[in-house]
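Structure first, commentary second.
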Amino acid sequence: MQVERVGVVGAGQMGNGIAHVLALAGYDVLMTDISADALGAAMALIDKNLTRQVSKGAITEAQKNATLARISTTGTLADLGQTDLVIEAATERETIKQAIFEDLLPHLKPTTILTSNTSSISITRLASRTDRPEKFMGFHFMNPVPVMQLVELIRGIATDDETFSACYEVVERIGKTAATAEDFPAFIVNRILMPMINEAIYTLYEGVGSVRSIDTSLKLGANHPMGPLELADFIGLDTCLAIMNVLHEGLADTKYRPCPLLTKYVEAGWLGRKTKRGFYDYRGEAPVPTR
């Protein structure tokens, strides 16, 4: 099963990074989004990130130009029908993902592999709503995609060996490392990371420490490159809440109960960096804690 042409659904934070690394590795990429503005912004960001790689000597100007030439965009989901592999990187809501696959299925080649970049939703359940559960996998990149080296590969209960091998080869070709995870809520990285972030929010909620002291403690006391609240803002508080809800509902254990303060921030629309406010306020020259 040879993959040469890849479709990416979603031109947001994850989708544009996935398109970037695939095209840099020599794949022809077709990226789609319901928003033409999002597609334009994604291409501008890919150009900017490739330019940064050129300035650091990581790639050449010729490689940058060739990479950009390998990425095309479309507002029509059906155009992805002739790709060998589709990576869905839309919003972390199961109903949206299911609707995308439903609209895409009639246009796909019989051999096309379907994958989702979901960080927590059941791969088996997503696959069961398609006509090819044996050719369906979880393909979970870390953010920011061009920088982070790990890709979680998650097999659903029906995923066949040929599909897994083809996806594993893609990970190797783009120069990243694959970790195989079983299909349980939040897989490996977020199963461990999100409860830590949630506990940091509880620590803030209960008044044990301030935003600044909690982040400083984990950076200097545990040698983390970024504090947990700073990291939550980077990921997006809505995404953190969605993953905690998946863990809480999927594993039925009270230790995964989302902190009420996290819920309150999301209800306020304070989702972190993308909305300029979260546990820090990003509207000024330097981030300022909001609590």
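See the values below:
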read-out: When residues of region 248-283 are limited to those that are of a type in the set (Asp, Glu) and outside any loop (DSSP other than H, G, I, E, B), the one nearest to Ile192 (Cα to Cα); value: Glu249
read-out: Residue check for Pro144: in contact (Cβ under 8 Å) with a residue 60 or more places away in the chain, assigned to a loop (DSSP other than H, G, I, E, B) and either under 21 Å from Val8 (Cα atoms) or out of contact with any Leu (no Cβ under 6 Å at 6 or more places or on another chain) (or both); value: yes
read-out: Tabulated pairs, region 62-75, first under 12 Å from His20 (Cα atoms), second of a type in the set (Gly, Ala, Ser) and crowded, with 19+ Cβ neighbours inside 10 Å, C-beta under 7 angstrom, 6+ apart or interchain; value: Thr67/Ala23; Arg70/Ala23; Ile71/Ala19; Ile71/Ala23
read-out: Qualifying positions in region 266-287 - under 19 Å from Ser213 (Cα atoms) and surrounded by 13 or more Cβ atoms within 10 Å (Cβ to Cβ); value: Gly272, Arg277, Gly278, Phe279, Tyr280, Asp281, Tyr282, Pro287
read-out: Test: Ile188 is β-branched (Val, Ile, Thr) and surrounded by 20 or more Cβ atoms within 10 Å (Cβ to Cβ); value: no
read-out: Count - residues of region 128-145 that are farther than 19 Å from Ala178 by Cβ and buried (at least 23 other Cβ atoms within 10 Å of the Cβ); value: 0
read-out: Candidates Thr67, Thr32, filtered to the one that is farther than 22 Å from His107 by Cβ and modelled with pLDDT of 95 or more; value: Thr67
read-out: Criterion (over 18 Å from Val9 (Cα atoms) and either touching a residue at least 40 places away in the same chain (Cβ under 8 Å) or of a type in the set (Ser, Thr, Tyr) (or both)) met by exactly one of Ala25, Ala89; value: Ala25
read-out: Matching option when the condition is more than 23 Å from Arg125 (Cα to Cα), out of contact with any Leu (no Cβ under 8 Å at 6 or more places or on another chain) and not basic (Lys, Arg), among Glu249, Glu199; value: Glu199
read-out: Ser217 being in a helix (DSSP H, G or I) and closer than 28 Å to Leu108 by Cα; value: no
read-out: Subset tally (residues that are β-branched (Val, Ile, Thr), out of contact with any Ser or Thr (no Cβ under 7 Å at 6 or more places or on another chain) and within 21 Å of Val6 (Cβ to Cβ)) for region 30-72; value: 5
read-out: Per-region count, region 147-160, residues under 29 Å from Ile59 (Cβ atoms), of a type in the set (A, V, I, L, M) and either in a strand (DSSP E or B) or not assigned by TED's automatic domain parsing to the domain that holds Phe101 (or both); value: 3
read-out: The one condition in (1) in contact with a Lys or Arg (Cβ under 8 Å, 6 or more places away or on another chain); (2) crowded, with 17+ Cβ neighbours inside 10 Å; (3) in contact (Cβ under 8 Å) with a residue 60 or more places away in the chain that Gln82 fails to fulfil; value: (2)
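The values are calculated or read from the model by the stated rules, or taken from the named source; none is laboratory data. Note that the structure is predicted; figures quoted are calculated from it, not measured. Note that each Cβ is placed from the backbone with ideal geometry, even for glycine, and that neighbours are counted across all protein chains shown.
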